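Report on one structure; see the data block that follows.
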Amino acid sequence: MPIITAPVITPPDTGGGTGTPVPLPEVGFAVATYTDPTGTVWSLTDEDAGWFTLVEGVSGLGATSYALTTDAHPRGGARLRYAQAQPRAIVWPLYVYGDDHMEFVGRWRALATAFTRTLREGPGWLEIARPDGTRRRIAVYYQEGFEGRGARGSGVVSDSAAITLWCEDPYWIDPVEVSVHRETGALSSFFTPYPTVSSSQVLGATTLRNPGDVVVWPEWTVTGPASLITFTVTRTTLVAGAPVVTTESFTLDPTDPNVGHGALLAGQQVTISTDPPAVRYQDGSNWIGGLNWPGAVLWGLSPGDNAVTFQLDGSGPGSAVDLVFNPRYETA
């Protein structure tokens, strides 16, 4: 969560719950919460909180929209060249009430601040939780709508607002990270004293599964010993009905003059981020110059199974690769 940099507005007592599942459009039965930039969690589906969601007006929770770049085809029609996901807009109507005017005003002001502070302090998080415990969330910024109906009689002890939330990344993410560990197998003789088989979770050729709907950009942590680090992904796609195999890779050389470190020793670690690109040694020093530019491709994991090879030259006992990512989805 973001570091708290401003006073936290404590919401009214919600009665000890975040709400019961309600039928949300494009989603089904779910519980919705909003976490503001300070880390305060606001229930959106608990009527006892003093506000609740007007579910019939909710929209923007389904698959994102795309801008398509196409090339005209000489025989008619067009061919798709590229699809670009567009920012998402979510409309979330809230009904706010109080037992008297000042209680209503206090709740209205607190909610307005919780949403509008995203424009000054960074995004909040809208989260949808299913009855089975699974959750998906999306980063949101307030755009407009916290204005009230402006109708006669509104704004005394109750009012409603149709809030529009803008999402620079249109994909929903699972807040629970997927972590994968691969390490060097036991370095022992096959013949002495008995034939041995090392763990299947070893460095070399392996399969990594992305359970989401879209590409994810993992963070890798490499633990030495290692003198040269190469990560490769192999993809097979169909072109005109025929399989085409392509590879993408990057190599990190700790001995490169731009790094000036030398081979990773046992226990030393370097972290490689793919989006945005960054390479940091354990003391925080910048090792981005150790990548094999311009050929380096800091690739992501496609949905489904990915054929990956982890090659650590100079590896030994303790050499390992750890990666973490949050699956991303089209819908809530």
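The values are calculated or read from the model by the stated rules, or taken from the named source; none is laboratory data. From a predicted model like this one, the values you see are computed outputs, not experimental measurements. Positions of Cβ are generated from backbone atoms using ideal geometry, with glycine treated the same way; all protein chains shown enter the neighbour counts.
Output the number of residues of the range 163-177 satisfying the condition of being under 22 Å from Tyr66 (Cα atoms) and assigned to a loop (DSSP other than H, G, I, E, B). Break it down stepwise before answering.
Within the range 163-177, the subset under 22 Å from Tyr66 (Cα atoms) is 164-174.
If we keep only those that are assigned to a loop (DSSP other than H, G, I, E, B) too, we end up with 168-171, 174.
Summing the residues that are under 22 Å from Tyr66 (Cα atoms) and assigned to a loop (DSSP other than H, G, I, E, B) in the range 163-177 gives 5.
Residue by residue, here is whether (1) without any contact (Cβ under 8 Å) to a residue 12 or more places away in the chain; (2) outside any loop (DSSP other than H, G, I, E, B); (3) aliphatic (A, V, I, L, M); (4) in contact with a helix residue (DSSP H, G or I) (Cβ under 7 Å, 6 or more places away or on another chain) holds:
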{"position": "Ala110", "(1), (2), (3), (4)": "no, yes, yes, no"}
{"position": "Phe115", "(1), (2), (3), (4)": "no, yes, no, no"}
{"position": "Leu119", "(1), (2), (3), (4)": "no, yes, yes, no"}
{"position": "Glu147", "(1), (2), (3), (4)": "no, no, no, no"}
{"position": "Val156", "(1), (2), (3), (4)": "no, no, yes, yes"}
{"position": "Ser160", "(1), (2), (3), (4)": "no, yes, no, no"}
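Filter the range 9-60 down to the residues that are modelled with pLDDT of 85 or more and among the charged types (D, E, K, R), then identify the one that is nearest to Pro175 (Cα to Cα).
Per the stated criteria, the residue is Asp36.
For the range 259-291, which positions are in a loop (DSSP other than H, G, I, E, B) and more than 27 Å from the chain's Cα centre (by Cα)? Don't jump to the end; show me each part of the working.
Just the residues of the range 259-291 that are in a loop (DSSP other than H, G, I, E, B), to begin with: 259-263, 265-268, 275-276, 282-285, 287.
The answer is Val259, Gly260, His261, Gly262, Ala263, Leu265, Ala266, Gly267, Gln268.
Tell me, please, whether a residue that is part of a strand (DSSP E or B) and either in contact with a Ser or Thr (Cβ under 9 Å, 6 or more places away or on another chain) or surrounded by fewer than 16 Cβ atoms within 10 Å (Cβ to Cβ) (or both) can be found in the range 96-104.
The initial filter retains those residues of the range 96-104 that are part of a strand (DSSP E or B), namely 96-97.
Still in the list and also either in contact with a Ser or Thr (Cβ under 9 Å, 6 or more places away or on another chain) or surrounded by fewer than 16 Cβ atoms within 10 Å (Cβ to Cβ) (or both): 96-97.
Looking through the range 96-104, at least one residue is part of a strand (DSSP E or B) and either in contact with a Ser or Thr (Cβ under 9 Å, 6 or more places away or on another chain) or surrounded by fewer than 16 Cβ atoms within 10 Å (Cβ to Cβ) (or both).
Could you pull out the residue among Thr221, Thr206, Thr247 that is among the hydroxyl-bearing types (Ser, Thr, Tyr), modelled with pLDDT of 95 or more and surrounded by 15 or more Cβ atoms within 10 Å (Cβ to Cβ)? Steps first, please.
Values: Thr206 fails: modelled with pLDDT of 95 or more; Thr247 fails: surrounded by 15 or more Cβ atoms within 10 Å (Cβ to Cβ).
Only one candidate qualifies: Thr221.
Which is closer than 22 Å to Thr20 by Cα and of a type outside the set (Val, Ile, Thr), of Ala162, Ala139?
Numbers: Ala139 fails: closer than 22 Å to Thr20 by Cα.
Within the list Ala162, Ala139, the selection yields Ala162.
Identify all residues within the range 283-292 that are surrounded by fewer than 16 Cβ atoms within 10 Å (Cβ to Cβ) and either touching a Ser or Thr at 6+ places or on another chain (Cβ under 8 Å) or modelled with pLDDT under 95 (or both); write none if there are none.
Scanning the range 283-292 gives a single hit, Asn292.
Name the residues in the range 272-304 that are within 20 Å of Pro257 (Cα to Cα), of a type in the set (S, T, N, Q) and out of contact with any Asp or Glu (no Cβ under 8 Å at 6 or more places or on another chain), would you?
Of everything in the range 272-304, those that are within 20 Å of Pro257 (Cα to Cα), of a type in the set (S, T, N, Q) and out of contact with any Asp or Glu (no Cβ under 8 Å at 6 or more places or on another chain) turn out to be Gln282, Ser285, Asn286.
For the range 270-277, indicate whether the set of residues that are loosely packed, with under 12 Cβ neighbours inside 10 Å and modelled with pLDDT under 95 is non-empty. Spell out how you get there, then give the answer.
Filtering the range 270-277 down to residues loosely packed, with under 12 Cβ neighbours inside 10 Å leaves 276.
From what's left, modelled with pLDDT under 95: 276.
Yes, the range 270-277 has at least one match.
I need the full set of residues from the range 72-97 which are at pLDDT 95 or above and in contact with a Lys or Arg (Cβ under 6 Å, 6 or more places away or on another chain), in order please.
Once the filter is applied, which keeps residues that are at pLDDT 95 or above and in contact with a Lys or Arg (Cβ under 6 Å, 6 or more places away or on another chain), the range 72-97 yields only Val96.
Could you tell me which residue of the range 58-92 is surrounded by the fewest Cβ atoms within 10 Å (Cβ to Cβ), considering only residues that are in contact with a Cys (Cβ under 7 Å, 6 or more places away or on another chain) and not charged (D, E, K, R)? Walk me through it before giving the result.
To start, the set of residues in the range 58-92 that are in contact with a Cys (Cβ under 7 Å, 6 or more places away or on another chain) comprises 87-88, 90.
Next, only the ones that are not charged (D, E, K, R) stay: 87, 90.
Numbers: Pro87: 12, Ile90: 19.
Only one residue fits best here, namely Pro87.
Report the residue count in the range 189-203 for those that are at pLDDT below 65 and either surrounded by 12 or more Cβ atoms within 10 Å (Cβ to Cβ) or within 31 Å of the chain's Cα centre (by Cα) (or both).
At the first step, the residues of the range 189-203 found to be at pLDDT below 65 are 189-202.
So of that shortlist, the ones also either surrounded by 12 or more Cβ atoms within 10 Å (Cβ to Cβ) or within 31 Å of the chain's Cα centre (by Cα) (or both) come out as 196, 198-202.
So the count comes out to 6.
Would a scan of the range 53-67 turn up a residue that is part of a strand (DSSP E or B), among the aromatic types (Phe, Trp, Tyr) and under 23 Å from Val157 (Cα atoms)?
Step one: of the range 53-67, the residues part of a strand (DSSP E or B) are 53, 59, 66-67.
Filter once more, keeping what is among the aromatic types (Phe, Trp, Tyr): 66.
Next cut, under 23 Å from Val157 (Cα atoms) only: none.
Looking for residues that are part of a strand (DSSP E or B), among the aromatic types (Phe, Trp, Tyr) and under 23 Å from Val157 (Cα atoms), one finds none in the range 53-67, hence no.
Do any residues in the range 245-256 that are in the same structural domain as Asn306 (by TED's automatic domain parsing) have Cβ atoms under 6 Å from those of residues that are surrounded by fewer than 20 Cβ atoms within 10 Å (Cβ to Cβ) and hydroxyl-bearing (Ser, Thr, Tyr), where the two are at least six apart or on different chains, and which pairs are they?
Close Cβ pairs satisfying both conditions: Val245/Thr236; Thr247/Thr232; Thr247/Thr234; Ser249/Thr232; Thr251/Thr230.
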